[in-house]
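Here the structure is laid out as structure tokens; the discussion comes afterwards.
The values are calculated or read from the model by the stated rules, or taken from the named source; none is laboratory data. Small disclaimer: the values here were computed from a predicted structure and weren't measured. Here the Cβ is made from the backbone with ideal geometry for all residues, glycine too, and neighbour counts use every protein chain on show. For accessibility, only protein heavy atoms count, side chains too; no ligands or nucleic acids. Shrake-Rupley method; radii C 1.70, N 1.55, O 1.52, S 1.80 Å.
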Amino acid sequence: MWLRSATFSVLPHFIRPHLPASLVSSSSPWAGDITQKGYEKKRSKLIGAFLPQAPGMDPSAPHERRTPVTPGSSSRYHRRRSSGSRDERYRSDVHTEAVQAALAKHKERGKMAVPMPSKRRSLVVQTSMDAYTPPDTSSGSDGEGSMQGEGTPTSSQGSINMENWISRAIHGSTSSSTTSSSSTQSGGSGAAGRLADVMVTRLAVPLPDQMDRVSHVVRRRLSVYTDLRVFTPTGVPVGGRVSAKIQQLVNTLKRPKRPPLREFFVDDFEELLEVQQPDPNQPKAEGAQMLAMRGEQLGVVTNWPPSLEAALQRWGTISPKAPCLTTMDTNGKPLYILTYGKLWTRSIKVAYNILHKLGTKQEPMVRPGDRVALVFPNNDPAAFMAAFYGCLLAEVVPVPIEVPLTRKDAGSQQIGFLLGSCGVTVALTSDACHKGLPKSPTGEIPQFKGWPKLLWFVTESKHLSKPPRDWFPHIKDANNDTAYIEYKTCKDGSVLGVTVMRIALLTHCQALTQSCGYTEAETIVNVLDFKKDVGLWHGILTSVMNMMHIISIPYSLMKVNPLSWIQKVCQYKAKVACVKSRDMHWALVAHRDQRDINLSSLRMLVVADGSNPWSISSCDAFLNVFQSKGLKPEVICPCASSPEALTVAIRRPTEDSNQPPGRGVLSMQGLSHGVIRVDSEEKLSVLTLQDVGTVMPGSLMCVVKPDGVPQLCKTDEIGELCVCSIATGTSYYGLSGMTKNTFEVFPMNSVGAPISEYPFTRTGLLGFVGPGGLCFIAGKMDGLMVVAGRRHNADDIVATALAVEPMKFVYRGRIAVFSITVLHDERIVVVAEQRPDSTEEDSFQWMSRVLQAIDGIHQVGVYCLALVPSNTLPKTPLGGIHLSETKQLFLEGSLHPCNVLMCPHTCVTNLPKPRQKQPEIGPASVMVGNLVSGKRIAQASGRDLGQMEDNDQARKFLFLSEVLQWRAQTTPDHVLYTLLNSRVTHSLTCVQLHKRAEKIATMLAERGHLQDGEHVALVYPPGIDLIAAFYGCLYAGCVPITVRPPHPQNIATTLPTVKMIVEVSRSACVMTTAVICKLLRSKEASAAVDVRTWPPVLDTDDLPKKKPPLLYKPSNPDTLAYLDFSVSTTGMLAGVKMSHTATSAFCRSIKLQCELYPSREVAICLDPYCGLGFVLWCLCSVYSGHQSILIPPSELEVNPALWLLAVSQYKVRDTFCSYSVMELCTKGLGLQTESLKSRGLDLSRVRTCVVVAEERPRIALTQSFSKLFKDLGLHPRAVSTSFGCRVNLAICLQGTSGPDPTTVYVDMRALRHDRVRLVERGSPHSLPLMESGKILPGVRIIIANPETKGPLGDSHLGEIWVCSGHNASGYFTVYGDEALQSDHFNSRLSFGDTQTIWARTGYLGFLRRTELTDASGERHDALYVVGALDEAMELRGMRYHPIDIETSVIRTHKSITECAVFTWTNLLVVVVELDGSEQEALDLVPLVTNVVLEEHYLIVGVVVVVDIGVIPINSRGEKQRMHLRDGFLADQLDPIYVAYNM
């Protein structure tokens, strides 16, 4: 029944006789996506009539042609089959069939297009074949060895067309829900109109966290883009073309699985993660409470020795010639026979030397009871045995460990910690091993990482002194002293030492002797590691007790000749063999070369890993083949063991061959809920277990719940086996707490009473006791992964992954499955080594099938699947994969996979519920609510300009041009400007500036023929020419527009912006320098723009000599003074109009805030093209008369210290800079503070250092700047920020008087709901925000709801609205968009004070009344800017600010230098810049996904890894996320890697 092909189990029984034999016997013939040529056709003809029809499907229609795969025949062991390359632990025909059937099920559910990740070509080339070394098969208990014995699959798989390998839609049977698969599919060919509809309907359903199953990833960069106009949900077209693979991605997104959520409004900020509600239909344990099982009596035989040393003494003296151990060389020839006599004399010699020849007579290094390390290679059991028994005789405690191969072996550090905690100072080793250890140039053995200092002591007889005649070891009866310590590696990689007492050691040997029926002089063939576990217990200890002869087969021989152990069984007529299922499998593959095998002498074949659920297939297959060679079925004896409980159970060799061994065919679904259910109807997801025999003699066994109180399980429940016996370990050395939880457990019955007065030991094995007292093991505690409340075993998932075709795609023993905790639940990660010749498409086809198979069989989603190049995963000393080290590398981002597939949408089902917007509460009720709850309406203002009496002479004049003329007359030689650059220093006095401006005005009139009011573009580098040209325009009555000149090295991208500003501002002429003039007419320029359409270009380097007849005086102060153009962070070019009134008010406000007078110097290191930077650079000095020291920011790239040196040299008290300047200084001068100090740099006079910005203050940067230059005298509270925007170029600016800037910590989760909740520094989810400077005089601020335009209380986040004399008077646009104009510049509140005209800044922020007082004695109101409304992202009903997500991402890995995020059709896209080798690119994908989930409860849709400098940044140092988004959609980023997390 069981081995019947799972495919046909769905057919009615009467069809089966009509099928050809070849069809029935073949194992599932279609593997996921690849079908046998013509097979479908034949099948549909034969059974089409009986199968339910899909609507509109022609039963005889053949499927697309696929690569052929030969169906395996059921007699697969007699033919050379591809099973040769499998790790037999996980090999099961039945399971393979189940996997194929599960995949077939998925396959029938309709196609789904899946984007493959794109990878830069160089990355693909680097991971090509030449870069690999073949996996090292020379070591590895789980390695697959070197016998392949079959051809490689056809290489035509590489050329399968796109359609063919695109995986099918997957529905139903997921861990998150069991909805029907009727959800609608959007067509794959999405034309734009339909796409827009799809997007809108998509957005209406709950967002992508519940997005359906996997869809995987686009790998070659597509060079053709479909020319689509894609509409965002608001209906605005997004830059024309969208890359085809992103289009494909959108078509792939399907409706969410979960039903729509109830209205849910999070008001108390306790965003609870959704707890998975247990399914009421899930299976529950229904049996009675189990009883403890007692093993048979341990029958003491009279001649059993009182201790193991006594046994050795007996055999060493009575039968000195009896063989004890035969070792083999790599050719399988006996290398050495150790007799009992030799073992006895050598052990005495070792004991004497340990006690008497180390240290001095007075101070011996080792005393009885001390611990010593035993370091012996796997091919030298004789030396190990002598050393081990020498320690027992000397009463010192041996700690056998693996030979360290290099200083930094995986896990060797942990072994070092164990040795350190055991106080080991001496390591015993063999001569050969000692020679092979790594040496320093002086010949000493270096200290291994994490190891204590050791004395290495060689135990070969020739190196030892003979004990004196009168010296004799003291042989006692077995007592409670520690006999030896066995090391055990835990799930997390830490190594513990299990102590075994002498009495336990002896009792265990007696129990094994009784249950295995050992007799004197029997021969045992041992393939296992003799240093620990079953190999040590049978091959070193019990054998000596019974004077048996061990034939030891080293691992190196097994790799050369896998049949060697079977040959030795025949040759020596051995009665017993101790093997692992791997050894049985290897023998199967190689047995055809042997003719004369006879296994009839074997009475017992101990299978050491019988507790691995997957060993059953090896046992069955081995019996199947070797039964004809004399192997009796009852000989196979699986056993279960653990380091803590030693042998837990073993199947006895019975004489009665009629009694069949126990089998259980269990439902995996049931197992995942911890209950035992026999074979479900599904037939796909079952686990077949074999029994591991009964409880050991003299011990008591029970099964307890794996977590919490050790309560007895019910009879149909899976739990942890616990054993009460003398023959178990007693403690973890030196760890009393862990010892108590493991070795001193008192199981309780249902009423809470302990079932025994004696403590039990937890075995770490999960299973149950079946009928007849047979033990069944379903997994290990270490491999247990609890996902969404269900338990899965790592071994089972490995087995499923390995059964996916093509099976030769990954190396069998080189696959690791572990779980990581992300967002309060475990997530499954699968890491495998792929073969070097696999193509990208093979990889993705295999990966997507593995996901489907694991989902189909285990009903659990895989969070991450990573493929690494062959031979790159860390190994254990025996060659298996070092699991904890692999996990560590994965979490650190140093695994360097060559392929990664993340499926967070499938697995993460516990996200907080999306916030459902309430029906909007009216602004009036909000205001009343605030008043009732005693909250203030959030409004604040700077000092009143009207009431401030100051002797401000400039106030007499309405226009700046008049102020300049007045200064040129009254203080002609007063220096207004000093320009510093690396070469020279230019100064400009009032009169010089006035005269220069006059000449420029003449030039405009004569050469430009301009009328008053015409616009002039000023294209100058930062400097004095720009200032003169500006005032020249004012003198001529023209309106100036400052424009950043094109970059000579980058004309193609910078010149179009210049051209655009000139055109949009309707400039009648361009003024510039001779150099730039030439540049504008160059060849490169004409390639970038149409140079013929420039307006006239005037070169101001050659000015007319005469001055103008009359300077222009504007008639009305409300006319335009200048236009301010700037590109916002969202990539919009916006020009605002500044009237003469606003300009004068602006200058006055800054003068009062910063207390600027002619006697002052101010240092300015800013770009002078827009906003506050322009005002400070060009206008303020003329108005206030102070000297401005101008430092162009570009100069700092050459000389980073220029700005700070100027500040120090001119003894400046106030200085202004930008974030990019601050960053240049922190990065460029970080290591030079000492040398700057010695050059006399002193910043102690600085009162204010203001960062000019239009964004949330970058608190980390300002703090590191303050800390870095604290030693140079910079006061920590001097650094502050300002805030301006398009509608008002400066709203806040830290002045000279007034309180220091304050910092608050707010709850980031509350902020997502537009609430402000202050928390303590360091509390979880806290976000530091720094005040954006003091509100300028004459400025009023209110916080309003951007949707309802109602005023908000100060506990709300809202839009900052501003009312001030220096507000801009409107946008300057070609289109004259009046609605936008009035909305941004002339808004009124919908409630409360509805008369005042406000301008909307477009920034979200909040106000807080602080405890500080300002100059007027009032309590000070601080404004905190959180972010731009345009850039905020609405996801899951909440508002996210990109900077918060970016900050989290940058912290995750040292190689991420910069990050930008944006959304695209409700997918979150994260772009990271990689500073490192391209091999690290794929490491970042899981890390980025994890951190965004953990900290922001969002699932990342796309991770794009790019080179440094790809994320565009504007002159103010702000990221241009929308430009980046357009570049991504048009596929212009040339990414290293793009991963689509589905």
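Over all Cα atoms in region 536-617, the spread is summed up by Rg and Dmax: 13.0, 38 Å. Semi-axes of the equivalent ellipsoid of region 306-380 are 28, 18, 10 Å, computed as sqrt(5λ) over the eigenvalues of the C-alpha gyration tensor in descending order.
When the P(r) is computed for region 1394-1437, the part past 14 Å accounts for 66% of the Cα-Cα pairs.
Solvent-accessible surface of region 1140-1282, taken per residue with a 1.4 Å probe and all protein chains present: 32 Å².
Shown for region 976-1036: the carbon plus sulfur share of the solvent-accessible area, taken with all protein chains present and a 1.4 angstrom probe, equals 47%.
Percent of alpha carbon pairs in region 1226-1288 separated by more than 15 Å? Cα-Cα pairs of region 1226-1288 separated by over 15 Å account for 55 percent. Structural size metrics of region 377-502, computed from C-alpha coordinates, are Rg and Dmax of 15.7, 50 Å.
Only protein atoms count toward the accessible area here, which uses a 1.4 Å probe; on region 762-818, the carbon and sulfur part of that area reaches 62 percent. Our estimate of slack between LYS956 and ALA924, defined as 0.36 nm per intervening residue step minus the Cα-Cα distance, is 7.1 nm. Our Cα-only numbers for region 1104-1215 put the radius of gyration and Dmax at 16.6, 46 Å.
Computing FRET efficiency as 1/(1 + (r/R0)^6) for LEU335 and GLU744, where r is the C-beta to C-beta distance and R0 is 30 Å, gives about 0.10.
In this Cβ point-charge picture (+1 for Lys and Arg, -1 for Asp and Glu), region 1090-1178 has a dipole of about 420 debye about its Cα centre. How large is the translational diffusion coefficient of region 1047-1100 in µm² per second when you combine the Kirkwood radius over alpha carbon pairs with Stokes-Einstein at 25 °C and 0.890 mPa s? Calculated translational D: 218 µm²/s. Of the peptides 435-448, 1024-1037, 811-824, 702-715, the order by per-residue mean of other Cβ atoms within 10 Å, starting with the highest, comes out as 1024-1037, 811-824, 702-715, 435-448. Only the Cβ atoms of Lys and Arg (+1) and of Asp and Glu (-1) were treated as charged; on that basis the dipole of region 475-518 about its Cα centre amounts to roughly 40 debye.
Distance between the C-alpha centres of region 1118-1139 and region 1143-1201: 19 Å, rounded to the whole angstrom.
Region 770-892 gives an Rg/Rh value of 0.99, both radii derived from C-alpha positions and Rh following Kirkwood.
The slack between ASP470 and VAL665, meaning 0.36 nm per residue of separation minus the straight C-alpha distance, is 63.8 nm. Computed over region 1142-1200, the alpha-carbon pair-distance distribution with 10 angstrom bins reads 24, 51, 20, 4, each value a whole percent. Please name whichever of VAL1070, THR1100, THR1053 sits farthest to the positive end of the charge dipole of region 1033-1142, dipole taken about the Cα centre and charges placed at Cβ: Lys and Arg +1, Asp and Glu -1. Ranked along the dipole, the leading option is THR1100. Loop-located GluC sites (Glu not before Pro) across region 1287-1396 with a Cβ neighbour count of 16 or fewer within 10 Å are GLU1320, GLU1347, with loop assigned by DSSP. Positive-end ranking of MET1542, GLY1501, LEU1529 along the dipole of region 1494-1542, with charges on Cβ about the Cα centre, is headed by LEU1529. Highest-first packing order for the peptide set 1303-1310, 632-639 is 632-639, 1303-1310, based on the mean count of other beta carbon atoms within 10 Å. In the context of the full set of protein chains, residues of region 519-575 present 23 Å² of accessible surface per residue (probe radius 1.4 Å, heavy atoms only). The alpha carbon centroids of region 515-546 and region 566-603 are separated by 17 Å. Residue pairs exceeding 27 angstrom between C-alpha atoms, taken from LYS435/LYS559; LYS357/LYS453; LYS449/LYS1227: LYS449/LYS1227.
From most to least packed by mean Cβ count within 10 Å, the peptides 984-994, 412-422 give 412-422, 984-994. If you take the alpha carbon atoms of region 1308-1380 and fit the smallest convex hull around them, that volume is 147 Å³ per residue. Just the protein heavy atoms count here, and of the accessible area of region 421-545 at 1.4 Å, carbon and sulfur take up 52 percent. Sparsely packed loop sites in region 1157-1240 (the trypsin sites (Lys or Arg not before Pro) outside DSSP H, G, I, E and B with at most 13 other Cβ atoms within 10 Å) comprise LYS1211, ARG1239.
Based on the Cβ-Cβ distance of THR654 and THR839, what FRET efficiency does E = 1/(1 + (r/R0)^6) give at R0 = 60 Å, to the nearest 0.05? That gives a FRET efficiency of 0.70. Here the Debye sum runs over all C-alpha atoms of region 478-588 as equal scatterers in vacuum, and log10 of I(q)/I(0) at q = 0.12, 0.13 Å⁻¹ comes out as -0.49, -0.56. Taking a cut-off of 26 Å, what percent of all Cα-Cα pairs in region 1014-1132 are separated by more than that? For region 1014-1132, the fraction of Cα-Cα distances above 26 Å is 21 percent. Counting only protein heavy atoms and a 1.4 Å probe, region 596-660 has 31 square angstrom of accessible area per residue. On full extension, the segment bounded by GLN282 and GLN711 gains 152.3 nm, given 0.36 nm per residue less the C-alpha separation. Among the trypsin sites (Lys or Arg not before Pro) in region 291-339, those placed in a DSSP loop whose Cβ has at most 13 other Cβ atoms within 10 Å are LYS321.
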